[in-house]
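Have a look at the structure below, then the notes.
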Amino acid sequence: THQPFWKTIRKAQPQLPILIVSRPRNSSTDQTIRAYRRVIEQTYQAALASGDRLTAFLDGEAFFPQGREDDCLQDFIHPNDYGFHLMSERVLQALRPLLALRKE
């Protein structure tokens, strides 16, 4: 359902910047989460292949420092204040160039 959802949004809003974000990594990221990430990345690759410059991918695996994931999570799954802070910094870094493209 991921790629059809992206296509629906893109068809309705051709100039809308879209940031596709995968789940944050935790200390026990399993195969199911990795499979979800592949689906999300495939949607992004399809966007690129179609020439879409207003879609970007932010890999949730990069939100938290390697080996320090548990410092960023309150229950080993959900982000704590520090985790949300790191996530917001990375989202902002990814959004700025997308929003700049829209102004062109």
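The values are calculated or read from the model by the stated rules, or taken from the named source; none is laboratory data. Worth saying up front: this structure is predicted, and the values here are computed from it rather than measured. Cβ placement follows ideal geometry from the backbone for every residue including glycine, while neighbour counts extend to all protein chains displayed. The area values use the complete protein model at the heavy-atom level, side chains included, leaving out ligands, DNA and RNA. Shrake-Rupley method; radii C 1.70, N 1.55, O 1.52, S 1.80 Å.
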Next on the checklist: Looking only at the range 43-96, count every residue that is hydrophobic (A, V, I, L, M, F, W, C) and farther than 30 Å from Q13 by Cβ and tell me the total.
Outcome noted: 5
Item to check | Single condition L73 does not satisfy, out of (1) among the aliphatic types (A, V, I, L, M); (2) over 20 Å from P4 (Cα atoms); (3) at pLDDT 95 or above | outcome: (3)
Checklist entry - Which pairs do you get when a residue that is over 10 Å from Q3 (Cα atoms), found in the range 33-52, comes within reach of a residue that is open to solvent by less than 60 Å² (accessible area, probe 1.4 Å) and in a helix (DSSP H, G or I), reach meaning Cβ atoms under 8 angstrom, with the pair 6+ apart or on two chains? => result R37/G60; R37/E61; D52/R10
